[in-house]
Structure formats: C-alpha cells, structure tokens
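**Q** Starting off with a structure, shown below.
The values are calculated or read from the model by the stated rules, or taken from the named source; none is laboratory data. Remember, it's a predicted structure, so these values are computed and weren't measured experimentally. Here Cβ is always computed from backbone atoms with ideal geometry, including for glycine, and neighbour counts include all displayed protein chains.
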Amino acid sequence: MKLNGLSHHGRQGQSAFSIIELMVATVVMLVVFVTIFATMTMGLSITQLSRENLRATQIMLDKMEGVRLYNWDQLTNSSVLAGSFVNWFFETNNIGSASATGNGVMYSGTISVAAPTNMSPVYSNSMREVIVTVNWLTGATVHKRSMSTYVSQMGMQNYVFSN
C-alpha cells in the first residue's frame, strides 16, 4: 500500500540498472564503435587504392600519348624510346624523366615495342605492339597494370579501310 509515494516499507520506489545490464550495454556500444572504426578504415584503404590505380592509369596514358609523337624509325629504334621509367604519385620536378623525384608511391614501369605475334606476317612486318607496364608497392602488396596498342608503319587507316 502506498501513501504519498511511500511504499508500505517506508521507502520511495526507486529503480536502477543492474551491473549485468550495464555490462551488456557497454559491450553493445563497444561493438558499435569498433564496427564504425573498421568501416572507416576500410573505406580509406579502398579510396587510397583507387587513387593509386588512377595514377597508374594516368602514367600509362601519358606514355601512350608520347608514343604517338614518334615516327616509324624512332619507334623501331630501341635507343630512341626509353625502355624503363620511374614516376611518383606526387611529381616534384623533371616530370617524366629518368631522374624524376617525388613523394608518395613510386611507380616503376617499362615500355616494350615488338612485332605482334598473333597476326599474319604480311601485317606484322609493318606493325608494332606497344605495351606499357606499371608496377608499384603498397605496404607489402605489389600491384601491376599494363596497357597495349598497335602502331602501323603507314597508319592504321590503311590497314582497316584497305579491305
């Protein structure tokens, strides 16, 4: 029986959390915070890998655009076209040269020019396959990307539209 908020024992009715309820709530909050932290860390790692992949693609495209500037004699002369190169995530000077320096991830690459092996000798004698390959290291993981194209002695339009 209650009179004026007092129970029949003379104390006001009070309620509190037990130690078990407090521990369960703490564990739930801990799991939530760890999950949020892990999700943010994974998101940042994926973003960094995407940036590195994009930079590798930019480097390969830059080298492919450079190939367009060479004539047939320069392209087939191994002393004119540099076979290897180094680029950085953040270039600081001498962009694209062998002595380039920079910050961040270091990209090392190769440019190879060879006669294509998957076509008729009638065409392959006057065509070259150019392959640009880029390698870089993220932590302990080695990444590798490559891009290839064909270059013809008289221009591709002569081979495509002649038939």
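**Q** Would you mention how many residues in the stretch 71-84 are in contact (Cβ under 8 Å) with a residue 24 or more places away in the chain and not hydrophobic (A, V, I, L, M, F, W, C)?
**A** Total meeting the criteria: 4.
**Q** Follow-up question, since we're still on this one. With the condition kept exactly as written, say whether any residue in the stretch 57-78 is in contact with a Phe, Trp or Tyr (Cβ under 9 Å, 6 or more places away or on another chain) and at pLDDT 90 or above.
**A** Yes; the residues of the stretch 57-78 include at least one that is in contact with a Phe, Trp or Tyr (Cβ under 9 Å, 6 or more places away or on another chain) and at pLDDT 90 or above.
**Q** Right, here's the next one. Tell me, which residue of the stretch 99-157 that is assigned to a loop (DSSP other than H, G, I, E, B) and aliphatic (A, V, I, L, M) is nearest to residue 86 (Cα to Cα)?
**A** 100
**Q** Which one of 23, 1 is modelled with pLDDT of 90 or more and not in a strand (DSSP E or B)?
**A** Step by step, each of 23, 1 is checked, and only 23 is modelled with pLDDT of 90 or more and not in a strand (DSSP E or B).
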